[in-house]
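Structure first, then comments.
Read the figures in this text as sums done on the coordinates, not as results from a lab. It should be emphasised that the depicted structure is a prediction, and the values quoted were computed from it without experimental measurement. Here Cβ is always computed from backbone atoms with ideal geometry, including for glycine, and neighbour counts include all displayed protein chains.
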Amino acid sequence: MIYLKTEEEIGLLRENNILVSKALAEVGRHIKPGVTTKQLDKIAEDFIRSHGATPAFLGYQGYPASACISVNEQVVHGIPSDNVVIKEGDIVSVDLGTFMKGFVGDSAYTFAVGEVAPEVRQLLDVTKEALYRGTAQAKAGNRVGDISAAVQDYAESFGYGVVRELEGHGLGRKMHEAPGVPNFGMRGRGPMLKEGMVICIEPMITMGSRAVVFERDGWTVRTKDRKPAAHFEFAVAIRKDGADVLTDFSIIEQSL
Ligand code: MF3
Ligand code: CO
């Protein structure tokens, strides 16, 4: 069942995703060599709570933290830890969720720590551009496969891997609603996009093979070949004439 949102509901989803954008900016400001991912999780949780929301990930299917923080070869769902210390040249994917006024916010951004290798910088730029290309397809009358194909074609044109085991999703009162939004697929296939749908588009792109391993902590997903991976996520409302992006990366990028 795909829920179509009213204008008011889209407004509440926007409030949540702007708060997530601000929380990502706050975490991003603190990503420096020597900080632990556990400390970054605390910053995220305090920020979300002090703005009248609760962290949507905490306790979700037993998830033990407020943020997912995935470093280098970790793709997504990295559990914050005292033992993971950020160092110069790392890439750090931060995925945050809020729950406020009955709705969920969910967005992610991958940060570079100081000077990263040029090929790693390119991985970040291409993953973000793949998200933008997918988003450009998120309009009423298109199909989910138009988004999927746009993401996949762009990422693969650079020889990168597109992770298939995880996907984007509908967003609303629940974090995961229908439809699923894969990052690979075919134009013209999949559910039709309708005005009022709200979805998360979230490419997970690897520098090497697309194969991933699910770690024994029950959460962390990493690349099998231990090459770096990037993850960017937008919440998007579908409009007649295009995508209405509810997440605001400019809030994050202004603070870098
Ligand atoms: N943001 C993730 C997603 O889009 C959810 C994180 S999993 C959780 O699916 F358990 F941490 F919530
Ligand atoms: Co998501």
- Item | For Phe111, distant residues with modelled amide H under 5 Å away | Val92, Ser93, Val94
- Query: Roughly how many debye, to the nearest 20, is the charge dipole of segment 7-255 about its Cα centre, given +1 on each Lys and Arg Cβ, -1 on each Asp and Glu Cβ, and no other charges?
  - Reply: 340 debye
- Query: Taking 0.36 nm per intervening residue step and subtracting the Cα-Cα distance, what contour gain separates Asp82 from Ser157 on full extension?
  - Reply: 23.2 nm
- Along Cα→Cβ, 7 Å out, is where each label goes; now give me the distance between the ones at Glu253 and Asp125 in nm to one decimal. 1.2 nm
- Query: Which aspartates and glutamates have a Cα less than 16 Å from the Cα of Lys101, not counting those fewer than 8 places away in the same chain?
  - Reply: Glu7, Glu8, Glu9, Glu15
- What ranking do 82-88, 122-128 get when scored by the average of other Cβ atoms within 10 Å per residue, highest first? 122-128, 82-88
- Task: State whether segment 90-167 is rounded, prolate or oblate according to the following rule on the C-alpha gyration tensor (a ≥ b ≥ c being the square roots of its eigenvalues): a/c under 1.5 gives rounded; otherwise a/b larger than b/c gives prolate, and the remaining case gives oblate.
- Result: oblate
- Query: Given springs between every Cα pair under 10 Å in a Gaussian network model of the chain, which of Leu246, Leu193, Leu58 has the largest fluctuation?
  - Reply: Leu58
- Item | Whole-number percent relative contact order across the chain, with pairs defined as alpha carbons under 8 Å at least 6 apart | 24 percent
- Task: Grab the DSSP H runs of the chain that are 4 residues or longer, score each as -39,500 (n - 2.57), total them, divide by all residues and round the 222 nm result to the nearest 500 deg cm²/dmol.
- Result: -9500 deg cm²/dmol
- Item | Helix runs (DSSP H) in the chain reaching 24 Å along axis by Cα, Kyte-Doolittle at least -0.5 | 7-29, 118-136
- Note on the structure: For segment 98-168 the GluC sites (Glu not before Pro) that pass both the DSSP coil test and the at-most-14 other-Cβ-within-10 Å test are Glu115, Glu165
- Between the alpha-carbon centers of segment 194-256 and segment 56-123, tell me the distance in whole angstrom. 11 Å
- Gyration tensor (Cα only) of the chain to equivalent ellipsoid, semi-axes in Å sorted down, yields 26, 22, 16
- Task: Starting at the first residue of segment 223-232, write each ³J(HN,Hα) from the Karplus equation 6.51 cos²θ - 1.76 cosθ + 1.60 with θ = phi - 60°, in whole Hz, x for Gly and Pro.
- Result: 6, 5, 7, 6, 7, x, 9, 10, 8, 10
